[in-house]
Structure formats: structure tokens, C-alpha cells
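Here, each number is a calculation from the coordinates, and none is a lab measurement. In this text, all values refer to a predicted model and were calculated from it rather than measured experimentally. Glycine also receives a Cβ, built like all others from the backbone with ideal geometry; neighbour counts cover every protein chain displayed.
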Amino acid sequence: MKKLAKAVVLSGAAAATVLVSMSAAMADHRGWRHHGRPVVIERHHHNNNGVALGVLGLAAGAVIGGAIADSRANQRVYVEPPRPTYYPPAPRYSQPVVYESLEPWSGAWYDYCSDRYRSFNASTGTYRGYDGREHFCVAN
């Protein structure tokens, strides 16, 4: 829509340039009343300066209009490339890993929990976590 509007406006400007230059070239003293009497118009071969100027104005308007319309066509626009679809490899299942845990309230359990957590309370078996709550110590 913008290209059509630009083309119409620029064509109108070029046509106006042609018409103004032609009318200025054709307006001479022949045919006008001079001292109250009509002047006889003689047919002479006119050099076509007005037409040449009109064509030149039309060409200049077309070149300028084309440059304006083409200025947006040469702009670079970044388009993000498509991302490849990633499918993670299928998991390989092996024998389940079994961790031996320490029996709660045993000597090894007390040693583990008191070494691991500074806030460990031996009487309750809990420690204070970063969330501010009390958690029971599970030794893996």
C-alpha cells in the first residue's frame, strides 16, 4: 500500500512538473490583444524547449521516485535462523544403584550428621536447613 501511495504522489509531482514547464513555454505574446487590437497568429515552427523540459522533469521525477522506493528494499533485516530440533538420547538403564544408609540413632549416624550439619541437634536428630525449617538427618 505504501509503494502504491508513493508511486501516485511521485507521478503527480512529475506530471505537475511537465505541465508547469509546458505552460510556461507556450505562454508568449502571440494571441494576446496588443494595444486593443487582436494579433494575427502566424504558424511558425517552434523549437520544442517546453516539451524537452517536461520530458526531462518526468525523467528526473521517475529517477528520484525509484530511488526513494528502492531505498527501503535494500535494507537488511535480521532473521533468526531456525533452531534444530534436539532429541536427547534414550536413557540406558542398568542395575539400580543401592546406597547403604546408616541406621538412625547409631553412633556412626550421630558422627555423620554432626560433621555434616553445624545446626544438628543430637536430642531430636534434626538440623535447621537454609529454608529455616527443621529437617531430620538422613545419612546416605
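For the range 76-140, a/c is not less than 1.5, where a ≥ b ≥ c are the root eigenvalues of the C-alpha gyration tensor, and a/b does not top b/c. That puts it in the oblate class. Label positions at Tyr93 and Ala67, each projected 7 Å from the Cα along the C-beta direction, are separated by 7.3 nm.
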